[in-house]
1. When the dipole is taken about the Cα centre of the stretch 16-78, and only Lys, Arg (+1) and Asp, Glu (-1) are charged at their Cβ, what size is it in debye, to the nearest 20?
2. Probe 1.4 Å, all protein chains in place: accessible area of Phe43 in Å², nearest 10?
3. Sorted by average packing, counted as other Cβ atoms within 10 angstrom per residue and highest first, what order do 73-81, 61-69, 33-41, 48-56 take?
4. Starting from 0.36 nm per residue, how many nanometres of slack lie between Arg87 and Glu38 once their C-alpha separation is accounted for?
Amino acid sequence: MSTTAAAAGSRRTIRRQQLREIVPLADSTIFEMEQRGEFPQRFYLTSRCVVWDLAEVEQWLDARRAASRAKAIKLAPTPDVRLRRARAVTQ
């Protein structure tokens, strides 16, 4: 479903399992990103049913793709293997 169709009024929601198929991140990572405002917020349909807006998730993915291509996403530093306690690399 395109974001144009979602804007036209036919909004679609996805449940946790569908979100996992679209966004390959751990549940804890998604939760932390939601708390920091870096990921679309979930909402409750009922007291036990949590969903995300598919259009918001797709927009987030498009923004992450664009940021990645522009090299705007800060990558994790490469660990210094010489500082490891077990199996330290020596030169």
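1. Details: 10 positive and 9 negative charges, 45 e Å.
Once rounded to the nearest 20, the dipole reads 220 debye.
2. For Phe43, the solvent-accessible surface is approximately 80 Å².
3. Working: 73-81: 7.6, 61-69: 11.4, 33-41: 13.1, 48-56: 15.9.
Packing proxy ranking, top to bottom: 48-56, 33-41, 61-69, 73-81.
4. Details: separation 49, 0.36 × 49 = 17.64 nm, distance 3.67 nm.
Taking Arg87 through Glu38 to full extension adds about 14.0 nm, to one decimal.
The values are calculated or read from the model by the stated rules, or taken from the named source; none is laboratory data. Not measured: the values here are computed from a predicted model. Note that we place each Cβ from the backbone using ideal geometry, even for glycine, and neighbour counts take in every protein chain shown. Areas reflect the complete protein model, heavy atoms only, side chains present, ligands, DNA and RNA absent. Shrake-Rupley method; radii C 1.70, N 1.55, O 1.52, S 1.80 Å.
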